[in-house]
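The structure under discussion appears below in the form of structure tokens.
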Amino acid sequence: MSVAISIGEIPAFATRDDLVREVMDRLDRDGVDVTDTRVRSAIQLVEAEFNRNVRVPQMEALDSLALTSGSISLPSGFIALRALYDSANRIVPAVDPMALIETPPGGTKVHCIIGGALKVAPAADETVTCLYYTKLPNLSADAQSNWLLDTHPDIYFYGTLTQLSDLFADDDNAAKYRAAFENAMGQLIDLGHRRRFGGPLMMRSNVVQTRGATI
């Protein structure tokens, strides 16, 4: 449930440089050294927290991965796996590493993640389809915007203000901006849920169906 939090208007900005300027203007107080370098560092902390806590459809990616002897490095930006399908479009269940290592030749195909690699057993050369969550593209001098800044600039704005208020031990403003930041992220998560399940949910049967097959 969203909560109305009154902390002033959100300024309009379309780029990282705009965001930096607006944050510096909002925190323009005597005796406080708010530099563009510190603001950019705070933006990086916001992105790190976002990647840890948010999973929405905009973060999903679908890739075909060519396994060699049942192994391949995880895709760039990988956060978490949603589902894995083999070359016949059958879902490959997840197990813990010990169960994967103990999978006998000819056994049921399973997968797990070990370190920075995706492992499938029994090991084989095969192309699999990986549905996974990927990191938010970081803002930078060369990448001035991304989907989050374009559609939910308040998350960046309040999150950056939260980080800087914490840095300057401004407890009152830190608590105020933290509440607004978490409220905005909660609204995004709710929106993502509605986006995925906007219509009536279909009851799942006990029948196992191959992905892409028709009945």
What is the chain's relative contact order, in percent, from Cα pairs under 8 angstrom and six or more apart in sequence? 28
Given contacts defined as C-alpha pairs under 8 Å and at least six residues apart, what's the relative contact order of the range 107-181, whole-number percent? 16
Approximate spin-label separation residue 125-residue 194, in nm, with each point projected 7 Å along Cα-to-Cβ: 5.0
Relative contact order %, the range 138-183, counting alpha carbon pairs below 8 Å whose residues are six or more apart: 30
Residue 66 neighbourhood, Cβ < 15 Å, K/R = +1, D/E = -1, net charge -3
Tell me what the chain gives for mean residue ellipticity at 222 nm when only DSSP H runs of n ≥ 4 count, each as -39,500 (n - 2.57), the sum divided by the residue total, rounded to 500 deg cm²/dmol. -12000 deg cm²/dmol
log10 of Debye I(q)/I(0), alpha-carbon scatterers only, for the chain at 0.12, 0.18 Å⁻¹: -0.78, -1.20
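Every number in this text was worked out from the coordinates using simple rules, so none of it is lab data. Here the structure is a predicted model, which is why all the values come from computation and not from measurement. We place every Cβ from the backbone using ideal geometry, glycine too, and count neighbours over all the protein chains shown.
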